[in-house]
Amino acid sequence: MIRLENISKYYHSGNNIVLALRKINLDMNIGEFIVITGESGSGKSTLLNVLSGLDTYEEGKLFINNKNVSHYSVRELEHYRKDYIGFIFQDYNIINSYSVYQNVALALTVQGLSKEEKHQKTIEIIKQVGLEKQMHQKAVKLSGGEKQRLTISRVAYRNPDIVLMDEATSALDSQNESEVQMALDELLK
């Protein structure tokens, strides 16, 4: 499903050039669960950003379903992310001033559903990740585990082919980590 051939990424900082990824070769197939480990600063998040189309790279080729997407325009990358990618960020990327319901409903807006369909789907997704009691609570008031489950819910509704997670449970205590892992298991089914 995804193939990287000699992907290299550099960051420019003033007169310095920092090598973030060096000639990464990787094949990932449908149904695989892959964990990328390494020290802080070793390029894990950069690799995920390249895979998701959030970041560019200077060398190599990226293939999705055997199609070379290496020279996609910004607009084509947006469609790629919309069609294939679900990204669960470490820092949640939710709107804190919105309720749980509003955050999920906003994510569904681009689906072209009727008002009633969107409402029903929003409720269904919120229940799927166990946040029905917090449905009308502002996101800013949620615990770390609840925020991460809200983030997962915004990915779950799309049923993406590729789910990328950047340290999705690293900031959570063991109880919240367990709850988030159950929500992830549901998503990955």
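The values are calculated or read from the model by the stated rules, or taken from the named source; none is laboratory data. In this text the structure is predicted, and so the values were computed from the model without any measurement. Reconstructed Cβ throughout: ideal geometry from the backbone, glycine too, with neighbour counts over all protein chains shown. Please note that ligands, DNA and RNA were not included when accessible areas were found on the heavy atoms of the full protein model with its side chains. Shrake-Rupley method; radii C 1.70, N 1.55, O 1.52, S 1.80 Å.
Here are a few things to note about the model shown:
- Number of positions in region 1-42 that are within 22 Å of HIS71 (Cβ to Cβ), touching a residue at least 24 places away in the same chain (Cβ under 8 Å) and either outside any strand (DSSP E or B) or hydroxyl-bearing (Ser, Thr, Tyr) (or both): 3
- SER45 surrounded by 18 or more Cβ atoms within 10 Å (Cβ to Cβ), modelled with pLDDT of 85 or more and polar (S, T, N, Q): yes
- Index of the failed condition, GLU76 passing every other in (1) part of a helix (DSSP H, G or I); (2) open to solvent by less than 40 Å² (accessible area, probe 1.4 Å): (2)
- One residue stands out in region 124-158 among those that are β-branched (Val, Ile, Thr) and surrounded by 15 or more Cβ atoms within 10 Å (Cβ to Cβ): the one that is modelled with the highest pLDDT, namely ILE126.
- Among the helices (runs of 4 or more DSSP H) confined to region 99-189, the ones with at least 1 residues that are within 30 Å of PHE63 (Cβ to Cβ) and in contact with a helix residue (DSSP H, G or I) (Cβ under 8 Å, 6 or more places away or on another chain) are located at 100-108, 144-156, 174-188.
- Checking each residue in region 48-73 for being surrounded by 15 or more Cβ atoms within 10 Å (Cβ to Cβ) and either in contact (Cβ under 8 Å) with a residue 60 or more places away in the chain or on the phi > 0 side of the Ramachandran plot (or both) picks out LEU48, LEU51, SER52, GLY53, GLY60, LEU62, PHE63, ILE64.
A quick yes/no check of all residues on (1) closer than 21 Å to GLY31 by Cα; (2) modelled with pLDDT of 90 or more:
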| position | (1), (2) |
| --- | --- |
| LEU62 | yes, yes |
| TYR84 | yes, no |
| VAL110 | no, no |
| GLU117 | no, yes |
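- Any hit, region 85-97, residues being open to solvent by less than 50 Å² (accessible area, probe 1.4 Å) and in a helix (DSSP H, G or I): no
- Looking across region 1-42, the residues that are surrounded by 17 or more Cβ atoms within 10 Å (Cβ to Cβ) and aliphatic (A, V, I, L, M) come down to ILE2, LEU4, ILE7, ALA20, LEU21, ILE24.
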